[in-house]
Amino acid sequence: MKKSVFASLALGVGLIAGASVPAPAVAQAMEQFMPIPIYRTGPYAAGGTGYFGGFMDYMALINERDGGVNGVKLTWEECETAYDNARGVECYERLKGKGPTGAAMFHPLSTGITYSTFEKGAADKIPVVSLGYGRGDAMVGSVFPYLFPLVTTYWSQNTSKIKFIGMKEGGMDKLKGKKIVNVYHDSAYGKETIDILNKQAATYGFEIKHFPVAHPGLDQKAIWLQIKQIAPDWVILRGWGVMNPTAIKEAARIGFSREKMLGVWWSGSEEDMRPAGTAAKGFIAAGFNPPGKDFQVIKDIEKAVHAKKKGNIESDRVGTVYYNRGVVTGILSLEAIRIAQEKFGKKPLTGEQIQWGLEHLNLTPARIKALGAEGLVQPIKTSCTDHEGGGAVKFSQWDGNQWKIVSDWIEADKGLVRPLAEESAMKYAKEKGITPRDCSKEM
């Protein structure tokens, strides 16, 4: 566990001031606390360190350059989850009461931990933010007031994937009779799109086969021999960590084209491609943020944070896919705090107040430009009804050395996704005895 520089400085000030001064209360009076349930070890460490490294660097930038969010300094503390649900819950419980107002929000970076903590978050009035992951029906804010699958859900992304395949095949009508294989991480995350893929298969007339891969995903030979026999037209890869380069190398071994492999955004990092070597060339992945350093906010981080040796990750990982996703997470999280401050005052806020900010995000093109993030993040507008707020993805292809963007933003099929999300959310509400909020009264 690691405390932030600022938390450490605050503690140091308290010790110097002496025992007669209530130092922690004074030092933390204008601080907003953010839990960091990171994973630095194990087969998913590249994702955990890259994502939270970008997130922490963005918070460090706001502290260094701007003096915090309207004068409110950001503090954080790490807790190692190892991508384990029980440890994730332990981290939530350990960190939820930190800081003068408690945790601002909780970012599980795990669908399993999201499922294990979101009801606790609702009870404690602490938002659980599952940016680009978690349960798809959580976009229905009337049923899940404290759960925010911001930017895009797996369900939305999946419809964009099928659209992309349709484009490559010459039209959605050309999907009829095609064979698509879904190779998925055998976890809550991996299983999240099975139902919607089945629905899409029935809608467009393609055949879908699902293949679970057990944690951590190093043993896939038998699965790929079966895939070879099926001879699919496309393979969707819902991998994570070491499962990804293993799958790509197995695909190469059986002679399946990587140009017909389409990965989820957790299969589309530099850390996924480089271990696969030349086998990765041609692989395609979805993404809701591009890699690279050609964004003003990234340049500002390098200047204000890394140049001062205050970075939270190795400098050579700045600008990678996972890192930039962490920066996007920081942007949206701090924008929610900023918006909530407009209503509740420029001071540390409670989770309940920040929930209001998350539900009133309006990241316009002008605001994105002002943040130095043009091209890094798509416009987002949330509401009581819509906790997703975006839904589009771009596709990139690995050229052997780096990712190349190969599509414009492709919108989700909201006409398919939203009714399914409503149906699932209302079923959950009925099971739990929840009366959905009347969002028409909260406009």
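The values are calculated or read from the model by the stated rules, or taken from the named source; none is laboratory data. Bear in mind that the values here come from a model prediction, so they are computed numbers and not experimental data. Every residue, glycine as well, gets a Cβ built from its backbone with ideal geometry; the counts of neighbours run over all protein chains shown. The protein model used for the area step is the full one, side chains on, heavy atoms only, and it has no ligands, DNA or RNA in it. Shrake-Rupley method; radii C 1.70, N 1.55, O 1.52, S 1.80 Å.
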- Query: Protein chains only, probe 1.4 Å: how do HIS210, HIS306 rank by accessible area, largest first?
  - Reply: HIS210, HIS306
- Note on the structure: Here the gain from full extension of GLU374 to ILE194, 0.36 nm per residue of separation minus their alpha-carbon distance, amounts to 61.4 nm
- Item | Efficiency of FRET from Cβ geometry, LYS308 and TYR428, R₀ 51 Å, rounded to 0.05 | 0.65
- Message: Taking only Cα atoms of segment 283-374, what ratio of Rg to Rh do you get with Rh as the Kirkwood inverse-distance radius?
- Response: 1.02
- Task: Quick one: divide the alpha-carbon radius of gyration of segment 85-165 by 2.2 N^0.38 Å and tell me what you get.
- Result: 1.17
- Item | Relative contact order, percent, the chain [alpha-carbon distance under 8 Å, six or more residues apart] | 19 percent
- Message: Could you tell me the calculated FRET efficiency between LYS125 and LYS346, based on Cβ-Cβ distance and R0 = 25 angstrom, to the nearest 0.05?
- Response: 0.75
- Item | Three principal axis lengths of segment 305-443 [C-alpha, angstrom, descending] | 50, 41, 30
- Task: Please express the shape of segment 66-119 as an equivalent ellipsoid: the semi-axes are the square roots of 5 times the eigenvalues of the C-alpha gyration tensor, given largest first in whole angstrom.
- Result: 24, 11, 10
- Message: What distance in nm separates the two pseudo spin-label positions at ASP173 and ASN362, each 7 Å out from Cα along the beta-carbon direction?
- Response: 4.2 nm
- Message: What percent of all Cα-Cα pairs in segment 392-441 falls into each 5 Å bin, going from 0 up to the bin containing the maximum distance?
- Response: 5, 16, 13, 13, 12, 10, 9, 8, 8, 5, 1
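Report the full-extension gain for the segment GLU259 to GLU90: residue separation times 0.36 nm, less the Cα-Cα distance, to one decimal in nm.
Gain on extension, GLU259 to GLU90, equals 56.7 nm.
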- Query: Which percent of the Cα-Cα distances in segment 150-287 go past 20 Å?
  - Reply: 40 percent
- Item | Volume of the Cα convex hull of segment 252-295, divided per residue and given in Å³ | 83 Å³
- Message: Just to be sure I understand: with springs between alpha-carbon atoms less than 10 Å apart, which residue in ASP272, ASP399, ASP137 has the highest mean-square fluctuation in the Gaussian network model of the chain?
- Response: ASP399
- Semi-axes (Å, rounded, descending) of the ellipsoid equivalent to segment 351-432 per its C-alpha gyration tensor are 29, 21, 11
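Hey, any idea what Rg/Rh is for segment 206-253, computing Rh the Kirkwood way over Cα pairs? Numbers along the way, then the final one.
On the way: Rg = 10.3 Å, Rh = 11.1 Å.
Result: Rg/Rh = 0.93.
State, to one decimal in nm², a quarter of the convex hull surface area for the C-alpha atoms of the chain, i.e. the direction-averaged projected area. Can you show the working numbers first?
Numbers: hull surface 83.6 nm².
The directionally averaged projection comes out at 20.9 nm².
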- For VAL327, solvent-accessible area (1.4 Å; no DNA, RNA or ligand), Å²: 0 Å²
- Task: Can you check what the Kirkwood hydrodynamic radius comes to for segment 213-283, Cα pairs only, in Å to one decimal?
- Result: 11.8 Å
- Please work out the Cα center distance from segment 227-266 to segment 84-138, rounded to the nearest Å. 32 Å
- Violations at 28 Å Cα threshold for listed pairs LYS394/LYS414; LYS199/LYS293; LYS381/LYS427; LYS96/LYS414; LYS299/LYS394; LYS369/LYS404 -> LYS199/LYS293; LYS96/LYS414
- Query: Taking 0.36 nm per intervening residue step and subtracting the Cα-Cα distance, what contour gain separates GLN402 from GLN229 on full extension?
  - Reply: 59.1 nm
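Quick one: accessible area per residue over the chain, 1.4 Å probe, rounded to a whole number of Å²? Walk me through the numbers before you get to the answer.
On the way: 17140 Å² over 443 residues.
Each residue of the chain exposes 39 Å² on average to a 1.4 Å probe.
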- Rg(Cα) of segment 53-201 divided by 2.2 N^0.38 Å? 1.28
